[in-house]
Amino acid sequence: GAVVSQHPSWVICKSGTSVKIECRSLDFQATTMFWYRQFPKQSLMLMATSNEGSKATYEQGVEKDKFLINHASLTLSTLTVTSAHPEDSSFYICSALRDAQETQYFGPGTRLLVL
Amino acid sequence: AQSVTQLDSHVSVSEGTPVLLRCNYSSSYSPSLFWYVQHPNKGLQLLLKYTSAATLVKGINGFEAEFKKSETSFHLTNPSAHMRDAAEYFCVVSDRRDNQGGKLIFGQGTELSVKP
């Protein structure tokens, strides 16, 4: 298989705090991982591309200082939402690119609610 | 530029009847095309993919899709819908240009409802 996990699956935090979300590829190595955001009843919006050992590439309009991405190993990427505000509440989904198959495998998502 | 259009935002069928979810794409390159399914509050699961091999692609749970270059379409079908198939379906094209690092371009999604 090609399994990608995310942790936590849901989180509630107070406004102004930071939240870290982990994305792990469990049975394959992923040089590249992606972070998406999804609003209710909408499609996925790519936030950034995470490359192992280098800086992430952010999509236009995504604040890199707000959404910190670290891809420290071939199986782990983290997204930190800094100084979270209610408008950051969303469903965050990561994916890992399995290079040999040219296919992205998705994590189960993290529901973030900022109060 | 590459793009994906899912022609129906919502499709409703009765259990046991055929399903057709329509997708058209636009690409200047030889595309890789995918269908993903998302159940409520879940991540995306790969149903099937086309990567320039056979034009008729078979996926999981009885789903299949046919790549038609002349029509720039990649419609998803299933001969018999099950209640478990009720979900959101995304048609996706991969940007295969070298400098795009495998980025995916998503359609807007089609919600499939299955009536008993």
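FYI, it's all coordinate maths here, none of it is from the lab. What you are looking at is a predicted structure, and each value in this text was computed from that prediction instead of being measured. Note that each Cβ is placed from the backbone with ideal geometry, even for glycine, and that neighbours are counted across all protein chains shown.
Brief remarks on what is shown
- Residue within segment B:5-22 that is closer than 29 Å to A:Asp99 by Cβ, without any contact (Cβ under 8 Å) to a residue 24 or more places away in the chain and touching a strand residue (DSSP E or B) at 6+ places or on another chain (Cβ under 9 Å) present: no
- Residue count for segment B:1-29 under the criterion of being crowded, with 17+ Cβ neighbours inside 10 Å and β-branched (Val, Ile, Thr): the result is 4.
- Segments classed as strands (runs of 3 or more DSSP E), wholly inside segment B:19-77, with at least 2 members that are farther than 17 Å from A:Ser95 by Cβ: B:19-21, B:23-26, B:56-58, B:64-68
- For segment B:33-63, a residue qualifies if it is small (Gly, Ala, Ser) and either more than 15 Å from B:Phe90 (Cα to Cα) or surrounded by 20 or more Cβ atoms within 10 Å (Cβ to Cβ) (or both), and the qualifying residues are B:Gly43, B:Ser52, B:Ala53, B:Ala54, B:Gly62.
- One residue from B:Ser113, B:Ser80, B:Ser70 being away from chain A (no Cβ under 12 Å), in contact with a Pro (Cβ under 8 Å, 6 or more places away or on another chain), polar (S, T, N, Q) and over 30 Å from A:Thr49 (Cα atoms): B:Ser80
- Segment A:12-49, residues that are within 14 Å of chain B (Cβ to nearest Cβ) and farther than 24 Å from B:Gly102 by Cα: A:Pro40, A:Lys41
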